[in-house]
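What follows is a short report on a single structure.
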Amino acid sequence: MARLDLKELKHLEKREFHLSILAAVFVMVQAGGVALLMYPMVFLHPDEGNKWTMRSAFVGFIVLSLLFVMYMFDRQRTVRKLKQHLVEEMERNAELRSQANSDFLHGLADLSHFHDQLTMQFRRAANTEKPLSLIAVKVKVSEELSDPKEKTAVLGEAVKGLMRNLRSTDTVYSLAHGLFGVVMPETTLANANLIELQIEQTLRSVGAAGRFGIEITVCNYPEQVQSAHELEDVIASLMPEKQFWEEVGTAI
């Protein structure tokens, strides 16, 4: 979804207003010049047979010139009101989208749920001798986005893009600000790498406007790690504050 650049919009509006002023001045100068040329013929040395016709044409020309200038300014005012209404609607839609994304992010399971689910899924994988994959997606929001609501909207769009490539058995968790983990039961490393490529393509398409960057990490049991602690260490290395894991606890 294209972003609304208010600075660029205001710059274009100011530029259009200046052009309207210039056009009005140009019309008035041209009309004034023509009126000055017509004045001697109409009032000082009129043709007696066409005197009132010439004067009527002169007055009509002046009135039409004034009406044209008034029309230009009225058009400018009307267009400005329409633009303001459009901006208000877009800002309202952006606010609703931001709120929806914020609610969506808050609805994701958090770090403690992730820890419990990872523990349970690892035990199941170890007992059934089936693979278990973990994908960590780190979303780095562009520094150009200073509005917290806009950052939240961007993160929400990123998570929605992430979930498009997941199966019904996969679960997304919010581990920290901008860090999301996906637990994928019964998924081999090859399949996890394939899903990683799909996620990367989707997220790069969503963030093509330079709104965010991504960093994806894949870890698989038993091809890459042999214990749940090693899976947790992979996530811990990506956390902004590793002491988070100390609060949750990693004992299995």
* Structure fact -> GNM of the chain, Cα pairs under 10 angstrom: of Lys130, Lys151, Lys140, the biggest fluctuation goes to Lys130
* Asked: Whole number please: convex hull volume per residue of the Cα set in the range 85-155, in Å³?
  -> 109 Å³
* **For the range 110-248: span of alpha carbons on each principal axis (Å, largest first)** => 47, 33, 22
* Name the residues whose placed amide hydrogens come within less than 5 Å of the amide hydrogen of Phe212, ignoring near sequence neighbours (fewer than 5 apart) on the same chain. => Ser142
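Once the Cβ-Cβ distance between His45 and Glu16 is put in as r, and R0 is 45 Å, what FRET efficiency do you end up with, to the nearest 0.05? Write out the running numbers ahead of the final one.
On the way: r = 43 Å, r/R0 = 0.97.
The value I calculate is 0.55.
Can you give the FRET efficiency to the nearest 0.05 for Phe68 and His113, using r as the Cβ-Cβ distance and R₀ = 41 Å? Please report the intermediate quantities before stating the final value.
Numbers: r = 69 Å, r/R0 = 1.67.
Computed FRET efficiency for Phe68 and His113 comes out at 0.05.
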* Structure fact -> Nearest 10, in degrees from 0 to 90: the angle of helix 6-39 to the longest Cα principal axis of the chain is 10 degrees
* Fully extended contour minus Cα-Cα distance, from Ser56 to Val34, at 0.36 nm per residue -> 6.4 nm
* Classify the range 1-127 as rounded, prolate or oblate from the Cα gyration tensor: take a ≥ b ≥ c as the square roots of its eigenvalues, call it rounded if a/c is under 1.5, otherwise prolate when a/b beats b/c and oblate if not. => prolate
* To do: Send over the Kirkwood Rh of the chain, from the inverse of the averaged 1/r over different Cα pairs, rounded to one decimal Å.
  => 23.5 Å
* **Entries in Lys83/Lys149; Lys14/Lys149; Lys14/Lys138 that, when Cα-Cα distance is taken, lie over 30 Å** => Lys14/Lys138
* To do: For the range 142-210 and the range 65-106, compute the distance between their C-alpha centroids and round to whole Å.
  => 32 Å
* Taking the Cα atoms only, what angle lies between the long axis of helix 148-163 and the longest principal axis of the chain, rounded to 10 degrees? -> 60 degrees
* Structure fact -> The helix 111-128 Cα axis meets the longest alpha-carbon principal axis of the chain at an angle in degrees, between 0 and 90 and rounded to 10, of 50 degrees
* Structure fact -> If unit charges are put on Cβ atoms (+1 for Lys and Arg, -1 for Asp and Glu) and the dipole of the chain is taken about its Cα centre, the option from Met184, Ala236, Met54 lying farthest towards the positive end turns out to be Met54
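Here, each number is a calculation from the coordinates, and none is a lab measurement. Because the structure is a prediction, the values reported are computed rather than measured. Cβ atoms come from the backbone with ideal geometry, glycine included; neighbour counts cover every protein chain shown.
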